[in-house]
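Values in this text are rule-based calculations from the coordinates and carry no lab data. The structure presented is a predicted model; accordingly, all values stated were derived computationally and were not measured. Glycine also receives a Cβ, built like all others from the backbone with ideal geometry; neighbour counts cover every protein chain displayed.
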There are 2 protein chains.
Amino acid sequence: MNLNLIRQQVKRNDSKIILLIMDGIGGLPLAPGGLTALEQAQTPNLDALAARSVCGLHEPVARGITPGSGPAHLGVFGYDPLKYQVGRGVLAAGGINFDLQPGDVAARGNFCTVDENGVITDRRAGRISTEKGQELTKLLREKIQIPGVEIFVETVKEYRYLLVLRGEGLSGEIAETDPQQVGVKPYPARALEPAAEKTAGLVRQFVHRAGEVLAAQSPANMLTLRGFSQLPTWPTMEEAFGLRAIGIAMYPMYRGVAKLVGMDVPPASHSVEEELAVLEENWSDYDYFFFHVKRTDSAGEDGNFDLKVSIIEKVDRLLPRILALQPDVLIVTGDHSTPAKMKSHSWHPVPLLIWSERCRPDLVETFGERACIAGGLGPRLPAADIMPLALANALRLNKFGA
Amino acid sequence: MNLNLIRQQVKRNDSKIILLIMDGIGGLPLAPGGLTALEQAQTPNLDALAARSVCGLHEPVARGITPGSGPAHLGVFGYDPLKYQVGRGVLAAGGINFDLQPGDVAARGNFCTVDENGVITDRRAGRISTEKGQELTKLLREKIQIPGVEIFVETVKEYRYLLVLRGEGLSGEIAETDPQQVGVKPYPARALEPAAEKTAGLVRQFVHRAGEVLAAQSPANMLTLRGFSQLPTWPTMEEAFGLRAIGIAMYPMYRGVAKLVGMDVPPASHSVEEELAVLEENWSDYDYFFFHVKRTDSAGEDGNFDLKVSIIEKVDRLLPRILALQPDVLIVTGDHSTPAKMKSHSWHPVPLLIWSERCRPDLVETFGERACIAGGLGPRLPAADIMPLALANALRLNKFGA
């Protein structure tokens, strides 16, 4: 879907759109002939809604492609994830709720082990604990100052850390220093465009000082860096779709992605009930409400089929409260599939329903993977096409041509 | 599907993928209200497999486009046939099993009839027989030598022949000499780029000499040339998909297309049973097995509906031996449709099933054109999207983004 086309057609009105994401909702039967978690869950409210909605399945990125959470959400927000790619550094910052500013350069790094010649012997420094990682990032923060740039070093998890450079005239066009193999030295930071020379020099200084600071440590006596990147300058939801948007989510990752497209992001909730209260409180102030349910995905990742079923059922019980707000458009879907059978994200299409007064209901009467195949949206709608359909159902798109 | 995207995500593992192509499998009912050959065939094994698989139909090239065998196979192999086009000369070489080498320039030509002024009066020289064609190509081989280049002239069929130039610094960028109408002279061979001037000169010499050699013949007293081309330098299956691939087929055309994408091609089998033995013998040495069944297409081309039915039933009886190999992914489809009713290739979508432990079975319970419409892959999957789905099901694609 072409963002420019939509942008040209957008008009504003008072309608309200809710996007209810059950993260990783799609699944697989545990055994041949069985049901998926969504199919097994008792979901009278979702089924009744599906019967009044247009249904289908969406494909997050492309055929066969298993998406990470970032691209998967961007697609559902209307941003083609193959076009709107964001660096690992920026995503890592979002993931730990680091308040990245425009112009900052972020990179994700590993602590690693090098021998006396500086050759990497372990790319993950024996997978040191998060506590050890925190000790090391604290040390680096205290010991490294470089004139002309502000430096942030934060632990992500275990051996993974975040480096952020803040200052004037920085560029994210820096090649990674991680050779992604043992037996060689880390690469020196190298500019990928002339405008990045200054930044590359600063990174080399940082790495040199880090080597000195970490020299006495074991096993994490060196570090590497990947995914140098800056906050993208994408059209916001307001700019692209004319929507004042709010993102309601419990985890930094999803709040981070919401921010990337210009959503307001209130303080993190700690339960779906709390999220629902935030939705209700903010009802009059926004046009578009991204409501994120995390635990369907976590249950899938843990291989806990029954837990996934029960979380879906819980969301089903909360659905009447969402409907009571009388949204003009309600979308229920996931960002991707997370089959408990696979304990991971997967490439499988994601059940989807779009309800509005003006949707064209199909023959689908339950909300499930197989039922939705026969839906009016088809079995493989590109995720980024959900947004124009939502806008259309909200009467927020002008007629094309005369 | 973007080959570069897939290429970036590919990882290797020990999984095995079988692509079982029943050439021209798709069909039409002979009379309104009837069944297609695939629907009429008794296929208990295929039906049982379909019930455990994700089904659909694929579209070989584009809506309404009837593909030749080359593009149809390239699509199913994962190469968008609109992007990966191969010249007629190269295809003709593959079709007669001519061992084309990198750098060779191949062209397909017609013997034609010209009047005393050199003006074409019959573009096909009265459709001379294959025997006559062989006599003429033999004559040309014997009589024409051009310094600095090796020349091969081979009969394709009837009035159609293959010209191959072998030497240093040749280019396939030569405009065709066939004006595709009577009443005009053949065009002189003309270079389409400066680097092709040498080759154009050689072709002009060949055509001039051929005119002399053929002058006494009737009705085939001249020749034209089309489809100048060289072996393409496409990413191989190994490069694009990380797959060590083998192509098992009885006919030169399919073996030729398999070679174009870098498959190993063992000596031709002479029956499906022999092909099956080749599959079993090579099981441990490859990741991807293209298994080609020709006779479904031939039966369709001959308008022999019942024969097509019986060949499908025969393949169905062999399916357990294929399943006994325990592939990780099994794809069953055709390269295109060949309805017996039309006695030709057609544009109709092609029944398709993809089975793996991790496919998401839909509600399709038999393998047939109409049943597959309701499948999870949808009724019009681009053929080139089969490969990423196969790779995904084989767990051979990394996650996209974080």
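Descriptive notes on the structure:
- Peptide A:54-66 has a mean shielding of 5, counted as Cβ atoms of other protein chains within 10 Å of each residue's Cβ.
- Among the residues of B:357-364, the average count of other protein chain beta-carbon atoms within 10 Å of the residue beta-carbon is 6.
- Rounded Å value of the spacing that divides the Cα centres of segment A:132-174 and segment B:1-67: 52 Å
- Taking amide H as placed 1.01 Å from N in the peptide plane, the amide H of B:Gly303 sits under 5 Å from that of B:Lys343, each at least 5 places away or on another chain.
- For chain B, built as a Gaussian network whose Cα springs stay under 10 Å, the top-fluctuating residue of B:Met22, B:Met250, B:Met342: B:Met342
- Residue among B:Ile322, B:Ile146, B:Ile21 with the largest mean-square fluctuation in a Gaussian network model of chain B, springs linking Cα atoms under 10 Å: B:Ile146
- Share antiparallel - DSSP beta bridges, the protein assembly as shown, percent rounded to 5: 65 percent
- Structure remark: mean-square fluctuation, Gaussian network model of chain B, C-alpha springs under 10 Å; the largest value among B:Ala245, B:Ala195, B:Ala392 belongs to B:Ala195.
- For B:Asp285, inter-copy label distances in nm, listed shortest first [label point 7 Å out on the Cα-Cβ vector]: 6.9
- For the segment B:248-256, counting C-beta atoms of other chains within 10 Å of every residue's C-beta and taking the mean gives 0.
- Mean-position separation - Cα centroids, segment A:221-263 and segment B:334-372, in angstrom: 42 Å
- For segment B:83-133, the spherically averaged projection of the C-alpha convex hull amounts to 5.6 nm².
- Rounded tilt (10° steps) of A:305-323 against the dominant C-alpha axis of chain A: 60 degrees
- Positive-pole candidate from B:Thr36, A:Gly103, B:Val86, dipole of the protein assembly as shown, charges at beta carbon: B:Val86
- In terms of Cα atoms, the Rg and Dmax of segment A:1-74 work out to 16.4, 48 Å.
- Net charge, B:Leu307 excluded, C-beta distance under 14 Å - Lys, Arg +1, Asp, Glu -1: 0
- Dipole size of segment B:91-229 about its Cα centre, with +1 on Lys/Arg Cβ and -1 on Asp/Glu Cβ: approximately 240 debye, rounded to the nearest 20.
- Sorted largest first, the spans of the alpha carbon positions of segment A:91-229 along the three principal axes are 35, 29, 25 Å.
- Cα extents of chain A along the three principal axes, largest first (Å): 69, 52, 37
- Size of electric dipole in segment B:247-402: Cβ of Lys, Arg +1 and of Asp, Glu -1, about Cα centre, debye, nearest 20: 460 debye
- Magnitude of the charge dipole for the protein assembly as shown, about its Cα centre and with charges confined to Cβ atoms of Lys, Arg (+1) and Asp, Glu (-1), is about 900 debye.
- Cα pair distances exceeding 21 angstrom across segment B:185-271, given as percent: 56 percent
- Selection from A:Val207, A:Asn221, A:Gly167 lying farthest towards where the dipole of segment A:91-229 points positive, charges on Cβ: A:Asn221
- With N as its number of residues, the protein assembly as shown has a Cα radius of gyration that, divided by 2.2 N^0.38 Å, comes to 1.11.
- Helices in chain B, meaning DSSP H runs of at least 4 residues, each add -39500 (n - 2.57). Divided by all residues, the mean residue ellipticity at 222 nm is -9000 deg cm²/dmol.
- Stokes-Einstein D for segment B:325-402, Kirkwood Rh over Cα pairs, 37 °C, 0.692 mPa s (µm²/s): 235 µm²/s
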